[in-house]
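The values are calculated or read from the model by the stated rules, or taken from the named source; none is laboratory data. In this text, all values refer to a predicted model and were calculated from it rather than measured experimentally. Virtual Cβ from ideal backbone geometry, glycine too; neighbours counted across all protein chains shown. Keep in mind that these areas ignore ligands, DNA and RNA; they rest on the heavy atoms of the full protein, side chains included. Shrake-Rupley method; radii C 1.70, N 1.55, O 1.52, S 1.80 Å.
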Amino acid sequence: AASSSGEEAYSIAMVLAECLGGAKWEVVGTDISSRMLARAQSGHYRVERIDGIPLPLLKRYCLKGFGEQAGTLLISRELRQRIQFLHSNLMNPRRDIGNFDVIFLRNVMIYFDNDTKRKVIANLLPYLKPDGHFIVGHSESLNGLTDALVAVQPTIYQCRGLPCS
């Protein structure tokens with residue numbers, strides 16, 4: 001959720017491709033900004049944006065820009081085909097988005113007051129599969145915001161019941 005320009009979605013996809021290979025998996029990135037979604041869909045980034053991605057993953061899943069494209073990279077078609085970027089508002093999420101094993105909502109709720117945080121969490125929980133995980137940023141916590149999730153590690157929460165809401 002709130003995938004912005006897509007770097008995190010592509011990083012997640014790289015890890016899934018490494019761990020699950022050809023098995024059935026997909027990443028869905030959502031954002032409220034159509035402009036950011038278009039940038040994410042393109043999979044084209046300045047090299048500075050890939051800081052922290054291990055070199056073997058960059059070599060396997062990214063194409064280095066040359067000539068006019070020097071200083072940029074393009075995420076491989078193989079990876080881009082496994083990711084959907086969809087318009088969605090955290091305050092009123094689209095209903096056709098599916099159910100997820102993991103929802104990442106990292107570094108977004110730091111901008112919201114507690115009432116808004118509770119509403120966003122409640123809006124997303126119906127899309128989390130039983131025993132699914134909800135992951136927030138390192139400066140965020142869901143403590144005191146919902147009883148539907150239990151902390152399993154710092155920033156990682158798990159659905160407590162059926163359904164998770």
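When shorter helices are ignored and each DSSP H run of at least 4 residues is given -39500 (n - 2.57), the per-residue value for the chain at 222 nm works out to -7500 deg cm²/dmol. Residue by residue, the range 146-158 carries 3J(HN,Hα) couplings of 7, 9, 7, 10, 10, 5, 10, 7, x, 6, 10, 10, 10 Hz when phi is fed to the Karplus relation 6.51 cos²θ - 1.76 cosθ + 1.60 (θ = phi - 60°); x denotes Gly or Pro.
Look at the dipole of the chain built from charges on Cβ: of ALA122, ALA148, ALA2, the Cα furthest out on the positive end belongs to ALA2.
In the chain, the portion of solvent-accessible area held by carbon and sulfur atoms comes to 52 percent [1.4 Å probe, whole percent, DNA, RNA and ligands not counted]. Within the same chain, aspartates and glutamates fewer than 8 places from LYS117 are excluded, and of the rest, those with a Cα less than 17 Å from its Cα are ASP31, GLU140, ASP147. In the context of the full set of protein chains, the range 85-165 has a per residue accessible area of 57 Å² (1.4 Å probe). Computed from the Cβ-Cβ distance with R0 of 22 Å, the FRET efficiency linking LYS129 to ASN89 stands at 0.50. The calculated FRET efficiency for SER141 paired with ARG60, based on their beta-carbon distance and R0 = 41 Å, is about 0.75. Across ILE53, ILE121, ILE97, mean-square fluctuation computed from a Gaussian network of the chain (C-alpha pairs under 10 Å connected) peaks at ILE53.
Maximal additional length on extending the ILE50-ASN114 stretch stands at 19.8 nm, based on 0.36 nm per residue less the C-alpha distance.
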